[in-house]
Amino acid sequence: MTATDDLLASNQRYAASYDKGALTAAPAKGVVVLTCMDARLDPARFLGLEEGDAHVIRNAGGVATDDAIRSVVISQRLVGTESIVIVHHTGCGMESFTDAAMKDELVAETGIRPSFSFEAFPDAAADVRQTAARLAASPFVRHEHVRGFVYDVESGRLHEVALDGG
């Protein structure tokens, strides 16, 4: 049995007792969470979210890529989310390489240089501020209610990052 087969079996158990209830596309808490895809992070658990509470956007590093911004805009404009929570974390793999080195490695292996940025960063807190600044710079994102955090993978605690540059 593969990992995917295990996931499908879990889905069958879940679906057997699934009750849509009052769930809608609009998150009950009116929040969109932008966070890293790292498997050590379970935003529903560390933020106390239930099904239907929030839109959670995940990518490598939890950075405000064009696609993440697209999703935030859709979340805000089509279903009315108002708050944005940015969560990076300690020990992030994005701190372990540079874009240039990764691109050079891929060119050496494939002969093709990726056109996209990997968005590597050396400091999680600084990149939370960078991510908030990118959201604020977008004319399409409503950014009045943005807060940023670094999640400590050792303790499970969130540490707020001052977004005013401090």
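Some values worked out for this structure:
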read-out	value
Dipole-positive endmost among A22, T90, G62 within the chain (Cβ charges, Cα centre)	A22
Bridge type composition, the chain - antiparallel percent by DSSP, nearest 5	20
Taking N as its residue count, the alpha carbon Rg of the chain over 2.2 N^0.38 Å	1.15
Calculated [θ] (222 nm, deg cm²/dmol) that DSSP helices of n ≥ 4 give over the chain, each run adding -39,500 (n - 2.57)	-11000 deg cm²/dmol
Residues E144 and D42, FRET efficiency given R0 of 30 Å [Cβ-Cβ distance, rounded to 0.05]	0.60
Cβ-placed point charges (K, R +1; D, E -1), dipole of the chain about Cα centre in debye, nearest 20	520
Net charge, R113 excluded, C-beta distance under 15 Å - Lys, Arg +1, Asp, Glu -1	-3
Burial ranking of peptide ranges 121-131, 82-92 (average Cβ count within 10 Å, highest at the top)	82-92, 121-131
Counted charge near V31, where neighbours are those whose Cβ lies closer than 9 Å (Asp, Glu -1; Lys, Arg +1)	-1
Label-point separation in nm, S96 to D19, each point 7 Å along Cα→Cβ	4.3
Gap separating the Cα centres of the stretch 7-35 and the stretch 141-166, nearest whole Å	25
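We did not get these values from a lab; they are worked out from the coordinates using the rules stated. Worth saying up front: this structure is predicted, and the values here are computed from it rather than measured. Heads up, the Cβs are rebuilt from the backbone with ideal geometry, glycines too, and the neighbour counts pull from every protein chain shown.
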